Amino acid sequence: AYLGLKDTEEVGGFLHRFVASDQAHELHCHPWIWSLSFILDGAYEEHNALGTFTGSDQKKAILRSPIYKLVKAGDRNLILGNTFHRVELISPEVWPLFIHGPRVQRWGFVPVNRYDEPLPVRLVEGRTFNRAKKGNMEEVE
């Protein structure tokens, strides 16, 4: 769930509420050239890897070795457009204030635990989730 702030072509943002971890079988990248989360409450572990898209169609990417970090209330978290990541909640909810730059690509999803090799990227134009029950998220495209 989130409360949107006024967006322009250059910057936008929203108050976000995480109630479940991202899906464990894939990492995703955001559609914005940059985004910055200010964690207001809660904590999560972020699994992330910088990626390089191969080709202009962005249908393949090569990821570097992953980094795991704890992100908690009071922290800032910079996420670039070529950062593939997933969020694993430590607290029941996390409340980030999320600010982002201009949209430059679609959402991209890649399988986890594969690095230094070309991976297929599943591209998604929009991304929202329905929460069926705790810990069980259904993607809606």
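The values are calculated or read from the model by the stated rules, or taken from the named source; none is laboratory data. The structure presented is a predicted model; accordingly, all values stated were derived computationally and were not measured. When we count neighbours, we look across all protein chains shown, and the Cβ atoms used for this are built from the backbone with ideal geometry, even at glycine. The accessibility values were calculated without ligands, DNA or RNA, using every heavy atom of the protein model including side chains. Shrake-Rupley method; radii C 1.70, N 1.55, O 1.52, S 1.80 Å.
Data table
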{"quantity": "Simple spin-label estimate for Leu97 and Asp7 in nanometres, 7 Å along Cα-Cβ", "calculated": "2.0"}
{"quantity": "Rounded percent of accessible protein surface that carbon and sulfur make up, the chain, 1.4 Å probe", "calculated": "55"}
{"quantity": "Cubic angstrom per residue, convex hull over Cα atoms of the stretch 24-93", "calculated": "88"}
{"quantity": "Candidates Gly55, Gly12, Gly101: whichever shows maximal mean-square fluctuation once the chain is modelled as a Gaussian network with Cα springs under 10 Å", "calculated": "Gly55"}
{"quantity": "Which of Ser56, Ala24, Phe14, positive extreme of dipole for the stretch 1-94 (C-beta unit charges)", "calculated": "Ser56"}
{"quantity": "Highest-MSF residue in the chain out of Ile79, Ile39, Ile90 [GNM, Cα springs under 10 Å]", "calculated": "Ile90"}
{"quantity": "Dipole in debye (nearest 20) - the chain, about Cα centre, beta carbon charges: Lys, Arg +1; Asp, Glu -1", "calculated": "100"}
{"quantity": "Surface accessible to a 1.4 Å probe, per residue, for the residues of the stretch 1-101, Å²", "calculated": "53"}
{"quantity": "Two-decimal Rg/Rh across the chain, once Rg and the Kirkwood Rh are taken from alpha-carbon atoms", "calculated": "0.94"}
